[in-house]
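Computed from the coordinates by the stated procedures, all read-outs in this text should not be read as laboratory data. No experiment lies behind these values; they were computed from the predicted model shown. When we count neighbours, we look across all protein chains shown, and the Cβ atoms used for this are built from the backbone with ideal geometry, even at glycine.
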Amino acid sequence: MVQGEGCKTIMNIFGTSITQLRELIKQKKVSPAEVWEYFAKRSKLNDEKLGIFITRLNTPLQKVDNLELPLAGIPFSMKDTYNTKDIRTTAASKVLENYIPQYNATVYQRLINAGAMLVGKTNCDAWGHGSSTENSDYKITKNPWNTEYVAGGSSGGSAAAVATNSTVFDIGEDTGGSIRLPAAFCGIIGLKVTYGLVSRYGCVAYASSLDTVGPMATTVEDVAIVLEVIAGNDTYDGTSTSIKSFEYKKTLNDSIEGLTIGVPKEYMTDGIDADVRSRVEESIDVYRKLGATIKEISLPHTKYAISTYYLLATSETSSNLARYDGIRYGYNRAAFGPEAMRRIMLGSYTLSAGYYDQYYKKALKVRTKIHEDFEQAFKEVDVIAAPVSPTPAFKIGEKASDPLQMYLSDVLTVSINIAGIPSLSIPVGLTSNNLPVGMQLIGNHFEEAKLLNIAHQFEQETHFFDVIEKGRKKYE
Ligand code: GLN
């Protein structure tokens, strides 16, 4: 509850969407400063319970006067992998413990230009290496639904921040599933965008040919609103798109009749947890009722996805992390944690003379095959639906000592990064153990509008998204 500006109105802003909160601010029921204060307090409380943030701000960084801006006064958080001028950016590694950037990441600059107000920088696996946030050099983020479980990773703090309504939205980063997996584990929405749709400038690089920047939120419309602000060309990122216009909100209500949804048989095997499969199947049935045609498809190179991804990602990260040599960013390389060391060693090996052809080059060839699987599939179907993860959230410590088991959590997400296409993770119910299940809607290059439209229709039609409401209620 907050005190309205200059009057006695008490306004409950808990759980409000961007559109609702903007309306309250515009009508002067509550001021941006009061909204910020409210979320800063919530962030602190929930951080103490769950380990969500690496850095929280004590005061708002700017005053928002222009209430017409698309995100005027909307509080948000960002994974601590984005450069924020004068505010430290650690990538959850001790190597960058004292690194204060001199410039802003493009995504951050665009958000503050649009009136959004930063509340804090969230915890993650160091350098984005992981699927549970247990590889953070600072703390473990606990799952808001059950604190014995992981929040997912690597953007675990981001998902927990949004799920507990500590912030209204968050910017995560997805190289092999890091937005979608924690979104699924915490019961919120997360969008992995087409490679190049959002500028990577000022993002601490993990694997540059796979890294993507995307929003996490609690309504599809909020994801669309944020995406409209952050998408688009940036002269500082040579891989950013040249597409000029981005309209995601306008098409949310379009009819989805006549749509063909593909379900890849390789993503619905016996290896998938029974509850996860059931929730996804039930959701596919909803689409059937909404007039969509469901078709089984095959993505035959799925079995090579994990090895291909971990060869490419470790090769690229060993090259990207070479810059932290103790000279320009302070501190020294001895501060790299065990997972980062493992990946640097693996990547240096696969790129070394004599092994390059055998590993890295071969992985690049399989990358093309995986991409072709999707190209083929999109000749037959409009979108693809699949689980995000083979299991719901697992217990803290369960996989921490077995890197291979941890890598396997990414089996359903990494192919999408390898192909560079978009995928939206949405909540589709709970397991018998009361943990959220996520489904991903995968589209062809730059078809984010279609994914958001399809998810929005589902959101309007079903009670599945009640998961979001239920999750955050515990933190009211
Ligand atoms: N879990 C995957 C990895 O460890 C993905 C991480 C990410 O998307 N940043 O590489």
Review point. Ratio of Rg to Rh for the range 344-384, alpha carbon only, Kirkwood?
Key: 1.26
Check your understanding: Which residues in the range 435-476 have a backbone N closer than 13 Å to a point placed 7 Å from the Cα of Phe14 along the Cα-to-Cβ line?
Key -> 469-476
Exercise for review: Return the percentage of antiparallel bridges among DSSP beta bridges fully within the chain, rounded to the nearest 5 %.
Suggested key: 65 percent
Review point. What is the distance, in nm, between label points placed 7 Å from the Cα along the Cα-to-Cβ direction at His371 and at Asn113?
Key: 2.9 nm
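Would you mind checking Lys85/Lys470; Lys249/Lys473; Lys295/Lys369; Lys44/Lys249 for any pair whose Cα atoms are more than 29 angstrom apart? Walk me through the numbers before you get to the answer.
On the way: Lys85/Lys470 36 Å; Lys249/Lys473 27 Å; Lys295/Lys369 22 Å; Lys44/Lys249 32 Å.
Table pairs above 29 Å Cα-Cα are Lys85/Lys470; Lys44/Lys249.
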Review point. Contour minus end-to-end for Val286 and Ser432, with contour as 0.36 nm per residue of separation and end-to-end as the Cα-Cα distance?
Key: 50.5 nm
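Past the 21 angstrom mark, what percentage of all C-alpha to C-alpha distances in the range 361-474 do you count? Intermediate results must be reported in sequence, preceding the final value.
Details: 3136 of 6441 pairs.
Here the tail beyond 21 Å accounts for 49 percent of pairs.
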Study note, to complete from the structure: Unit-weight point scatterers at every alpha-carbon of the range 1-141, Debye formula, q = 0.09, 0.10, 0.14, 0.19 1/Å: log10 I(q)/I(0) is -0.29, -0.36, -0.68, -1.10
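For a Förster distance of 25 Å, can you work out the FRET efficiency between the beta-carbons of Lys244 and Glu68, rounded to the nearest 0.05?
E(calc), rounded to 0.05, equals 0.65.
Packing-wise, with mean Cβ within 10 Å as the measure, how do 154-163, 418-427, 239-248 rank, highest first? It would help to have the intermediate numbers written out before the result.
Details: 154-163: 36.5, 418-427: 27.3, 239-248: 13.8.
Descending packing order for the listed peptides: 154-163, 418-427, 239-248.
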Check your understanding: Could you give the radius of gyration (one decimal) and Dmax (whole number) of the Cα atoms in the range 254-352, in Å?
Key -> 21.5, 60
Check your understanding: What trypsin sites (Lys or Arg not before Pro) does the range 372-476 have in DSSP loop regions with at most 11 other beta carbons within 10 Å?
Key -> Lys474
Check your understanding: When only DSSP loop residues count, what trypsin sites (Lys or Arg not before Pro) in the range 305-356 have their Cβ near at most 15 other Cβ atoms within 10 Å?
Key -> Arg328
Review point. Which three lengths, in whole Å and largest first, does the range 277-325 cover when its Cα atoms are put on their principal axes?
Key: 57, 23, 18
**Study point:** Dipole of the range 331-476, positive end: most advanced residue of Met345, Val467, Pro392 [Cβ charges, Cα centre]
**Key:** Met345
Review point. Counting Lys and Arg as +1 and Asp and Glu as -1, each charge on the Cβ, what is the dipole of the range 42-103 about the Cα centre in debye, to the nearest 20?
Key: 180 debye
Check your understanding: Kirkwood Rh over Cα pairs of the range 67-116 into Stokes-Einstein at 37 °C, 0.692 mPa s: D in µm²/s?
Key -> 284 µm²/s
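Taking N as the number of residues in the chain, what is its Cα Rg relative to 2.2 N^0.38 Å? Could the numbers behind the result be given before it?
Details: Rg = 20.8 Å, N = 476, 2.2 N^0.38 = 22.9 Å.
Relative to the rule-of-thumb radius for its length, the chain sits at 0.91.
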Exercise for review: Treating each Cα of the range 53-208 as an identical point scatterer and ignoring solvent, apply the Debye formula and state log10 I(q)/I(0) at q = 0.16, 0.17, 0.18 Å⁻¹.
Suggested key: -0.81, -0.92, -1.03
Review point. Listed highest first by mean packing, meaning other Cβ atoms within 10 Å per residue, what order do 301-307, 429-435 come in?
Key: 301-307, 429-435
**Study point:** Amide H contacts of Trp145 (H built 1.01 Å from N, under 5 Å, at least 5 apart or other chain)
**Key:** none
Review point. Ser307 versus Met341, label points 7 Å from Cα toward the beta carbon: distance in nm?
Key: 2.7 nm
Exercise for review: Using the Cα centre as the reference, give the magnitude of the dipole from point charges on the C-beta atoms of the chain (Lys, Arg: +1; Asp, Glu: -1; all else neutral), rounded to the nearest 20 debye.
Suggested key: 940 debye
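For the range 99-160, give the magnitude of the charge dipole about the Cα centre (Cβ charges: +1 Lys/Arg, -1 Asp/Glu; no others), in debye to the nearest 20.
The dipole of the range 99-160 has a size of about 240 debye.
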Check your understanding: With each pseudo-label sitting 7 Å past Cα toward Cβ, what's the Gln460-Lys265 distance in nm, one decimal?
Key -> 3.5 nm
Check your understanding: If you take every DSSP beta bridge whose two residues both sit in the range 1-138, what share of them, in percent to the nearest 5, is antiparallel?
Key -> 55 percent
